[in-house]
Structure formats: C-alpha cells, structure tokens
Amino acid sequence: MSTTEAASERTSSLDDPIAPLVRSGMSPAEIVAAIAADAEIATTPCGDGRLVWRRWGRGRPLVLAHGGSGSWTHWIKQIPVLKQHYEVWAVDLPGLGDSAMPAHPHTPESSGEAVAAGLKSLIPRERRAHVVAFSFGAHVSTHAMVSLGDWVSDFTITGCAALGFKQGPGIEFPKERSGMSEEERMGVHRGLLEILMFKENDRIDPLAIYLQSENIRRARFRSRPFARTDEIRVKLPEVVVPVRAIWGAEDQTAWPSVEARYDALRDGHPELVTRTVPDAGHWVMYEQPAAYTAALLEVLALE
C-alpha cells in the first residue's frame, strides 16, 4: 500500500469528524467543549503572561499553529484524527485565543520567540517534533523555526502570506458595530468567511461562524499588516529542516496564484514538497477536512 493510500484509508471513515457531533444536535459551543474535553493544558512564558498549549493523544509530537485572529479551533476537524496517530500540541499564538501578548515590540518575530522557547521547554529535541502552521501561524512559526534549528524534524506550511507579493483586489470587510443584533453580528462573521476563508459559501455552517466570531472576539494581536511583508520569503532560507506546503486550490488569499506561492517557498527550500487540495479555499482544513488530513499525514511520513 502506498503512503497516499494508507493516509486516505486512515481518514476515509472520518470524512468530517465533527459531523456526528453536529447530527447529535450539539450547539457549536458544546462541540468545541467536547473536542477540548480530553486535552491537557500546558503553559509557557509569553510577554507578561502565559502561552497556552493543548495536548491530545500519544506518539510522536505534532505542533499545530493556527492562523491570524484565530485559535487552536482552526484545527478542530483535524484533532480527532491526528490524536489517533500523534501527540498533538495545539498552541494559541501570542495575543490570540487564551494566550497573552508577546514581549514588546508586538511582532511575528517576538511571537515566534515565545513559541520557540515554549516548544523547547515542552518537547525534548530527541522527540523530533513535526511543526505544521496555517496562514499567520506560518509567519510566526518561520521565526520560531529559525530559533529552533534542528530541534524539530520538519515544517509544513499552509496558506501563508508574507511572501512579498502585491495584494490582490481590495475588498471592504464587514465589521461589527454597536447596536447590532446577534443575527446581524453573525452575518458579519459569515461575510468575513465568504470573503477570506471558503471557496463555497454553502459550506459555511453555524460552527464555522461561531468559531470565527469567538476567535475575533478574543483577538488582541492584529496580524493583517504583517501579511504585506516578505518576512517568510526572507527568513525561510535560515530554516534548516525540510519544508512542505499544503494549499487549498482556490485560496482567495493566494494572489497571484497558489503555484506562485510554491515558487516563492522554493527560493529558500528547493526540496519543497507540495500538495494542493482541490475545491477548497483558504481555511482548507475546515472546508475539506478529510482531503487536507490525508495530505498532511502523507507529507509527515516523508522522512
């Protein structure tokens, strides 16, 4: 059996591992609580407070870093599968989710220093952790990877910016305003998901809207201005471990194209291995969970 076939077999019965919880009638908040219930919480220093990590499962360590204005819940559809094969560590990045702001200045670099120091304190070098990062998490994690050197095994990037490309056509984002009803507020967050995160709007369900609204509510670190930089492209050659990339084929943020993003990453890592998930936008791991997880399991097995 090939690596691809093995990975597909492991996920074929879990096309969407959250679907049984949705069918049971659980609310979005109850679904999040159910996934979080068996996580162990660890904290490490971050600025004047603590960086929050959640751990599931047993096996080789796998670190997950979420996207901008997000939290560990960006990975909510991967955790039930990955924890069967790995010791999964999902970090709330500095200033996001439950984690404190990084040390001044508040930048991806200072955030990456907190993540690198926390990873070193929690996961010994000999355990050879995998690191997987989504969107702004890849920006933070690139700085962390430079600090970590060969402490970890490999680095998988999904949907990152900060590669020095010009921005695509500007779109005005909807915003919450005082006096809005709950229905109007949820409409704002659905609109943001339509613009940035999904290929097909009919896949935006109440759980996705809830996660988006809760993550935005807790976000203090504003990552959007850093997307316009070229920091990942500049720093990636300093990363000493192999780099992989997984993208949604229809990622609205991948201007001018997904292939151009891969080429930019290859500038620093010619060995780059890529997987493109069809029929998916930016939040590929939510929109096409089985296909994304199969691709991730495949690249993690490449050593």
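Bear in mind these aren't lab numbers, they're just calculated from the coordinates by the rules spelled out. A quick note: this is a predicted structure, and the numbers were derived from the prediction, not measured. Every residue, glycine as well, gets a Cβ built from its backbone with ideal geometry; the counts of neighbours run over all protein chains shown.
Points worth noting:
- Listed residue pairs exceeding 29 Å between alpha carbons, taken from LYS77/LYS166; LYS77/LYS199; LYS120/LYS199: LYS77/LYS166; LYS120/LYS199
- Extension gain for LYS166-ILE216 works out to 15.5 nm (0.36 nm per residue, less the C-alpha to C-alpha distance).
- FRET efficiency, THR229 to ASP38 (Cβ-Cβ, R0 30 Å, nearest 0.05): 0.20
- Here the simple spin-label model places points 7 Å from the Cα toward Cβ, and for ASN201 and ARG58 these points are separated by 4.8 nm.
- From the alpha carbon centroid of region 234-281 to that of region 112-135 is 21 Å.
- Put a dot 7 Å past the Cα of ARG185, heading toward its Cβ, do the same for MET26, and the two dots end up 2.3 nm apart.
- When peptides 177-188, 142-153, 255-266 are sorted by average Cβ neighbour count within 10 Å, with the highest value leading, the order is 142-153, 255-266, 177-188.
- Around the Cα centre of region 175-303, unit charges on the Cβ atoms of Lys, Arg, Asp and Glu (plus for the first two, minus for the last two) sum to a dipole of about 620 debye.
- In this simple spin-label approximation, ARG125 and ASP15 carry label points 7 Å from Cα along the Cα→Cβ vector, and these lie 4.7 nm apart.
- Restricting the GluC sites (Glu not before Pro) of region 188-234 to loop positions (DSSP other than H, G, I, E, B) with no more than 15 neighbouring Cβ atoms within 10 Å leaves GLU200.
- Using a Förster distance of 25 Å, the FRET efficiency for PHE173-GLU259 (Cβ separation, nearest 0.05): 0.40
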